[in-house]
1. Suppose the filter is touching a Ser or Thr at 6+ places or on another chain (Cβ under 9 Å), away from chain B (no Cβ under 14 Å) and closer than 21 Å to residue A:203 by Cα; does residue A:24 pass it?
2. Take residue B:173 and decide whether it is in contact with a Leu (Cβ under 6 Å, 6 or more places away or on another chain) and within 14 Å of another protein chain (Cβ to nearest Cβ).
3. Restricting the search to the range B:105-164, which residues are within 14 Å of another protein chain (Cβ to nearest Cβ) and assigned to a loop (DSSP other than H, G, I, E, B)?
4. Is there any pair linking a residue in the range A:67-91 that is facing another protein chain (nearest Cβ under 9 Å) to one that is assigned to a loop (DSSP other than H, G, I, E, B) and open to solvent by 60 Å² or more (accessible area, probe 1.4 Å), with Cβ under 6 Å and at least six apart or on different chains, and which?
5. Pull up the range A:122-140, narrow it to residues that are aliphatic (A, V, I, L, M) and within 14 Å of another protein chain (Cβ to nearest Cβ), then point me to the one that is nearest to residue A:166 (Cα to Cα).
6. Being within 13 Å of another protein chain (Cβ to nearest Cβ) and among the hydrophobic types (A, V, I, L, M, F, W, C) is true for just one of A:112, A:94, A:119. Which residue is that?
7. Would you check if residue A:44 is within 27 Å of residue A:134 (Cβ to Cβ), open to solvent by 40 Å² or more (accessible area, probe 1.4 Å) and away from every other protein chain (no Cβ under 12 Å)?
8. Among the listed residues B:61, B:103, identify the single one that is free of Cβ contacts under 8 Å to residues at least 12 places away in the same chain and among the polar types (S, T, N, Q).
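The values are calculated or read from the model by the stated rules, or taken from the named source; none is laboratory data. Every value quoted in this text rests on a predicted model; they were computed, and no experiment measured them. Don't worry about glycine lacking a Cβ; one is built from the backbone with ideal geometry, like all the others, and counts go over all protein chains shown. When the accessible area is computed, the model is the full protein with side chains, heavy atoms only, and any ligands, DNA or RNA have been set aside. Shrake-Rupley method; radii C 1.70, N 1.55, O 1.52, S 1.80 Å.
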Amino acid sequence: MLEQSPPLVSLRGVEKRFSNGTVALRGLDLDLRRGGFVSLLGPSGCGKSTALRLIAGLGAPSAGRVDWGSAQPPLSFVFQEPTLMPWRSVAGNVRLPLQMQGMSKANAMPLVMKALAGVGLAGFEKHYPRQLSGGMKMRVSIARALVTRPALLLMDEPFAALDEITRSRLNDDILALWAAQGLTVAFVTHSVFESVFLSDRILVMAARPGRVVADIAIDAPYPRDDSFRNSDAYAHYCRIVSAALKEAMAAHDTI
Amino acid sequence: MTRSRLLAILLPLAFGVFVLGGWEFLVRAAGIPVYVLPGPLTIAAKLVEDWASLAESLLVTLRITGLALAAAVIGGGGLAILFAQSKWIEASLFPYAVILQVTPIVAIAPLILIYVRDTEMALLICAWLVAFFPILSNTTLGLNSVDHNFVDLMQLYRAKRWQILWYLRLPGAMPYFLGGLRIAGGLSLIGAVVAEFTAGTAAGGSGLAYRILESSYRLDIPRMYAALVLLSATGILIFGVFAALSWLVLHRWHESATRREQ
């Protein structure tokens, strides 16, 4: 593994206090290893989304630091909602980040087409978001995130609003994209099953204040598919992670 | 589908013909004199007969309405964009926009006519005053209604201020702006007519409202109706143009302009 190389990003003693007095995170230490697939798992209100947003640079920590080593690599963010501009076609939405960089349409379109093909949406570029299903919208959102060839992909409960079938298909696809593109992924979820299936490492977080309470390695080989979903190892890890999550939720008095 | 569509056109037409026919019949049967209530045919004849002068007046009214609306789009839209840049600018100026809006135009018009020498300019200002507020308030609402996720997204792209305005806020505000435009279109016509009435014959106006006034002094009731018909038609035309524009811009993406199949 890549244990020896320096982490892509390190959070040290990070605290986030909002203006209404809520302490979302306190004393958060977290390393993202290059090429890893890390899930942040925890009950709602544990600050997992806040941690992700701080890594993305959406807001600054109240204390502590976010350390990028030499320079911040290009990163992309996938929100819980697809967040597609309804007035732009599928291709127009995927082209948006390139357009903001000042890339011409002629140069951008081949990349857009490739990104769309990568998420299985070739042929849909002229459609508008309202014509697509929830799963397809999320695929467009992922294509938009990947079109800039980021080193780090931050995903904030991207599949939470999708049905089970769509969700597991997208789980398969995101693993394939991760493997194919050499990405580092940080994935926020509240699903034990999803996190075990996807991650090589799960950080279990507790709330009030938000912090990491368990760091669990999922030592199952990739590529993972349905045979992993049905394996004893998968069930075993799910039990371990569930127990850790239960403990994390007991760590504070609210349910 | 086509059948119900055909009916949707034919039924109101049939109703209109029925009402006009009844009107004509009543006027003739009861022998109502023309200076009390002319029948539709008399009005139509008058419209043809006086077409030259009425068309000239129509053009004057259309010109004022069109210019006032254009000024309202530029003024209201521009001010809304300015408001979107800083909530302090908005907080300082918005109350005055409201005051301008809630003060009845009929009450301000005589003052404007005194201060502004050029009658056409005075009429223009009156029409603009009533038309610009719906555009301002709707566009402001639209510019401020952007989903915060989009703002985050643009921040992640390190988008510049103008890029956020151009690629996010303006397109997002488009349905609101077009809604305001539809209201403002009707209001600018009303503003032009009200101002013309206030200016009256003394100001040497020549728009449709002036024709109505002039005809009433002469008890030329058919001509009053003829001018009224033209005013109505103008209103309908303005509404139709903006409804079409709205559809053209929004039909591909906005819920208001898309058809759902059940």
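1. yes
2. yes
3. Result: B:145, B:146, B:147, B:157, B:158, B:159, B:160.
4. A:89/A:126
5. Ranking the qualifying residues of the range A:122-140, first place goes to A:138.
6. Checking each option against the conditions leaves just A:94.
7. yes
8. Just one listed residue meets the conditions, B:103.
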